[in-house]
Amino acid sequence: MYRSSYDKPNVLLIVTDHWTASLLGCAGHPAVHTPVLNQIAKNGVRYTNAYSEHPVCIPARRTLMTGTSAKKHGDRTFQAKLEMPADLPTMAQTFRDAGYQAYGVGKTHTYPQRDRLGFDDIQLDDEGRTHHGVTDDYEIFLGDKGYLGRQFGHGMSNNGYHAAAWHLPEEVHATNWATDTMARIIRRRDPKRPAFWYLGYRHPHPPLVPPQRLLDFYADIELDEPVHGGWLNTKDLPLMLQGVLKRYDYNERESTLARRAFFALCTQIDQQIGSLIGTIREEGLLDNTIIMFTSDHGEMLGNHGIWAKQTYYEGSANIPMLLMGVKDCPRTGSGRVDGRLVALQDIMPTLLDLAGIDCPETVEGRSMVGNDRRDMLYGEFGEGELSSRMVHDGRHKLIYYPAGNHRQLFDLETDPNELTDVAKDPAYAERLDALTARLIDELYGSDLEWVVEGQLIGLPNRDYRPAPNRGLGLTRGAQWPVPPVNPGGLMVFFPEAPDHEEPEDKEP
């Protein structure tokens, strides 16, 4: 067998969409079956305090790819048509500049869609976003297999939580396609150069369409129940919190089906990662390959009555972060659990550090295997009245909603499910003041309007006026013939009725 002469490690970065830190067997979840990811954790380190600084797809992925915060890369609001800043070196480009071959597969959620982000090539799965003008590689694959335009024949929405079994053969499921495509790239690598591989699974993000066999697997497994904090009974909830609570309304049966389908998608990914690691092992590369597993953000899954992302509660913001080094790597070790405060911006410097590559000066993150540990993490999503901010010190988390100048404080050591808001508890007054001061220090741009004479005053609150979801959460239709470019086909996170109309769900 030919043996490469390079001494640099290969790097495989696996990024899912909507996967919460708690949804791992190794994290103690009572229902989710993830034996492969459990083994990755046993062979390395699991970071328990890992967060998405901007828990929504596009801003999170900008941070992931550049190692910078929204303040530097310019997107805290999900700007679907904002190009990646040209002055920020990406993770892939930095690996390539160091002599690596760099290939990506799956979801990148960038614009323009064929932006390679510094990779030699990307095999793209953009979830059928033909409204931007591109037919992605997964759709082309389906056409080659005789299923042209049929990936959304299940009728499930990309942003809804109704569930159904995958309607085509399992081997053409997006999860399987991404795995098989990456396996082929690994087999076709240049044997004389190290490689950086990025694998972006689109799931367990909706549509919730796992293979039938995995729905059957979870049919008799008892699921954990969603948690509901006592703070939900607070009067005058801030506008954004009203919005996320009104976004979905599922009964108990629908909620249970959605959770089973979601867990099934997680297990499908776990199994496919096992297949990919098998390929890496068979190619003789496993002992010299670094593997990291994470997600762009989490998923509330009905906890506190909320679905999807965009909030700073644990379900949405706390993400899995597993790191397995090369064989006998002393910096990652094995079977370790690390409670330091880490985030998406830390992935780029961590992988570069382990590969012995200098980090660009633009990077704001820090290596997770180094000695430099942060004492605070700042997060931001949105602007104006429909926004939220987070300050986290590793144990206590401050969540701030400017509408109504509303602060929540959670002690995650004693209350990991965030059932009790202690912002008004005198015992936590000093900690609340310290985190609030740090929050004020981090504000910039339009957020400065929330501060007068050094004190938070926020913005006026009001009642949220829910409107019907006319686009069904951007549900897709037939992808053949290729639909036309649709400049208006963008996500509306908080549809509202005009001031003069009564809310659709107002009680008679």
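Just so it is clear, none of the values below were taken in a lab; they were calculated from the coordinates. It should be emphasised that the depicted structure is a prediction, and the values quoted were computed from it without experimental measurement. Every residue, glycine as well, gets a Cβ built from its backbone with ideal geometry; the counts of neighbours run over all protein chains shown.
For the peptides 425-438, 89-102, the ranking by packing is 89-102, 425-438, with the highest mean count of neighbouring Cβ atoms within 10 Å listed first. Counting every other Cβ atom within 10 Å of each residue's Cβ, W450, W197 order from fewest to most as W450, W197. The equivalent ellipsoid of the range 434-501 has semi-axes of 39, 18, 10 Å, largest first, where each one is the square root of 5 times an eigenvalue of the Cα gyration tensor. Can you tell which of L237, G278, V209 lies farthest toward the positive end of the dipole of the range 185-315, using +1 and -1 charges on the Cβ of basic and acidic side chains (Lys, Arg; Asp, Glu)? Positive-most Cα among the choices belongs to G278.
When only the Cβ of Lys, Arg, Asp and Glu is charged (+1, +1, -1, -1), the dipole of the range 304-443 relative to its Cα centre reaches about 340 debye.
With helices as the sole contributors, the chain gives -7000 deg cm²/dmol at 222 nm; each DSSP H run of n ≥ 4 counts as -39500 (n - 2.57), and the sum is divided by every residue.
Per residue, the convex hull spanned by the Cα atoms of the range 204-350 measures out at 160 cubic angstrom.
With each label modelled as a point 7 angstrom along the Cα→C-beta vector, the D372-H228 pair spans 4.6 nm. In order along the range 446-455, the phi-based Karplus estimate (6.51 cos²θ - 1.76 cosθ + 1.60, θ = phi - 60°) of 3J(HN,Hα) comes to 5, 5, 5, 5, 7, 10, 10, 6, x, 10 Hz; Gly and Pro are listed as x.
Shape analysis of the range 10-371 yields a ratio of the Cα radius of gyration to the Kirkwood radius, Rg/Rh, of 0.94.
The relative contact order of the range 10-371, computed from alpha carbon pairs under 8 Å that lie at least 6 residues apart in sequence, is 34 percent. Of all DSSP-defined beta bridges confined to the range 10-371, some 20% are antiparallel rather than parallel.
Helices that extend 30 Å or more along their long axis by alpha-carbon positions and average at least -1.0 on the Kyte-Doolittle scale are, among the DSSP H runs of the chain, 252-282. Working note: Karplus 6.51/-1.76/1.60 with θ = phi - 60° gives the range 367-378 the couplings 5, 6, 9, x, 9, 7, 10, 7, 9, 8, 10, 10 Hz, where Gly and Pro are set to x.
Peptides 257-263, 459-465, 57-63, 332-338 ranked from most to least packed by the mean count of surrounding Cβ atoms within 10 Å: 57-63, 257-263, 459-465, 332-338. About the centre of its Cα atoms, the chain shows a dipole size close to 1440 debye [charges on the beta carbon of Lys, Arg (+1) and Asp, Glu (-1) only; nearest 20 debye]. With the highest mean first, a sort of the peptides 470-477, 116-123 on other beta-carbon atoms found within 10 angstrom per residue produces 116-123, 470-477. For R202, nonlocal amide neighbours, meaning residues 5 or more places apart or on other chains whose placed amide H falls under 5 Å from its own, are K107. Each residue of the range 288-295 was assigned a 3J(HN,Hα) from its phi angle through the Karplus expression (A = 6.51, B = -1.76, C = 1.60, θ = phi - 60°), giving 10, 10, 8, 10, 10, 10, 7, 8 Hz with x at Gly and Pro.
Applying a threshold of 32 Å to the alpha-carbon distances of K71/K397; K81/K309; K72/K327; K192/K327; K72/K424 flags K72/K327; K72/K424 as lying beyond it. Bridging of K145 to lysines at a Cα separation below 24 Å is possible for K107, once same-chain residues fewer than 8 apart are set aside. Remark: the T256-E430 segment gains 58.6 nm on full extension, using 0.36 nm per residue and subtracting the alpha carbon distance.
Once you reduce the range 356-379 and the range 249-298 to the center of their Cα atoms, the two points are 27 Å from each other.
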